[in-house]
Every structure is written in C-alpha cells, then in structure tokens.
Amino acid sequence: MKKQTGFTLIELMVVLVILGIIFGLVVPNVVGRGDEARVTAAHADMSTIGQSLEMYRLHNSHYPSTNQGLEALVAKPSGDPEAKNWRGPYLKKTPLDPWGNAYGYINENNVPEIISLGADGSDGGEGIYQDISSVNLN
C-alpha cells in the first residue's frame with residue numbers, strides 16, 4: 001500500500017475556524033479607522049490653513065472676506081477688503097478635504113472659520129457624517 005500524504009478534512013476545518021476567529025477579531029477594529037484618520041487629516045489641514053490665514057492677516061491687517069474665500073491664499077484677491085500687502089501665495093493650491101471636497105470658509109466679524117462637510121459632503125450630519133469646523137477644534 002502507498003502512504004498518502006496531505007491534510008485531512010478535519011485539519012482543514014480547524015485552520016478555517018482559526019482564520020475566521022482571527023478575522024472576526026481584527027477586521028472590526030481596522031475597518032472604522034479609515035474615517036477616524038480622515039477626520040484627523042481634516043484637523044491637520046485646518047491647522048495648516050489657519051496658519052496661512054494668520055500670515056495673510058499679518059501682512060494685510062485683516063482676513064480674506066467670505067467672498068474672497070480660501071482662494072485669497074493662493075492668488076491675490078480682488079474686491080473688498082483690498083489686500084494691499086499681499087505677499088503670497090500662502091498656499092500652493094486651494095486645498096481639498098480628505099473626502100475630495102473643497103473646504104468652506106466663512107469670515108464673520110473678522111473671525112475666520114474653515115469647514116469640511118465630512119464624509120457625506122453635505123451640510124449637517126451625525127457621527128462620521130458630521131461637519132468639521134475649525135472653530136470646534138479645541
């Protein structure tokens with residue numbers, strides 16, 4: 001008689017069960033982390049944009065208006081208030097949030113706010129779809 005080598009069905013089933021247990025423990029811990037990383041990246045972007053806005057303000061004595069937007073950090077803006085001492089570009093290009101959408105910008109009473117609409121790309125939302133604002137970073 002020839003001796004056959006190989007795995008038995010029981011050995012294969014044990015390996016599959018062990019792999020299933022490992023995936024069951026690891027996958028839930030890894031899957032949700034992508035959105036957390038994007039939120040962290042949005043906070044980092046907002047910090048960088050905020051520093052650029054501060055440089056703009058130091059040179060021009062005011063922040064760009066809401067109408068001038070973040071584009072004022074890339075190219076000299078027109079309109080009011082005039083950027084007489086513009087020394088930019090303060091950013092290489094107008095930034096996109098980690099979800100590929102443009103950051104929003106509002107300047108009310110010379111208090112700038114940078115906004116990302118989050119994972120859903122629309123105003124409002126909860127959880128991972130919640131909007132992210134530079135005002136709420138602290």
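Nothing in this text is a laboratory measurement; each read-out follows from the coordinates by a stated rule. Model, not experiment: these values are computed from the prediction. All Cβ positions, even for glycine, are placed from backbone atoms using ideal geometry, and neighbour counts span all protein chains on display.
So, R0 is 30 Å and r is the distance between the beta-carbons of Phe7 and Trp99; what FRET efficiency does that work out to, to 0.05?
Efficiency computed from Cβ-Cβ geometry: 0.05.
A simple spin-label model places the labels of His62 and Ala75 2.2 nm from each other, with each point 7 Å out along Cα-to-Cβ.
For a quick check: sort Arg57, Arg38 by the number of other beta carbons within 10 angstrom, fewest at the front.
Numbers: Arg57 14, Arg38 18.
By the 10 Å Cβ count, ascending: Arg57, Arg38.
Relative contact order of the range 1-103, please, whole-number percent, based on alpha carbon pairs below 8 angstrom and at least 6 residues apart. Display every interim value, and only then the final one.
Details: 71 pairs, mean separation 21.2, N = 103.
Relative CO of the range 1-103 lands at 21 percent.
As a proxy for reagent exposure, ranking Met13, Met55 by other Cβ atoms within 10 Å from fewest up yields Met13, Met55.
Could you state, as a whole-number percent, how many of the C-alpha pairs of the range 40-133 are farther apart than 16 Å?
Details: 2283 of 4371 pairs.
Considering the range 40-133, 52 percent of its Cα-Cα pairs are separated by more than 16 Å.
On the basis of the beta-carbon distance and an R0 of 30 Å, Val27 and Asp131 show a calculated FRET efficiency of 0.60.
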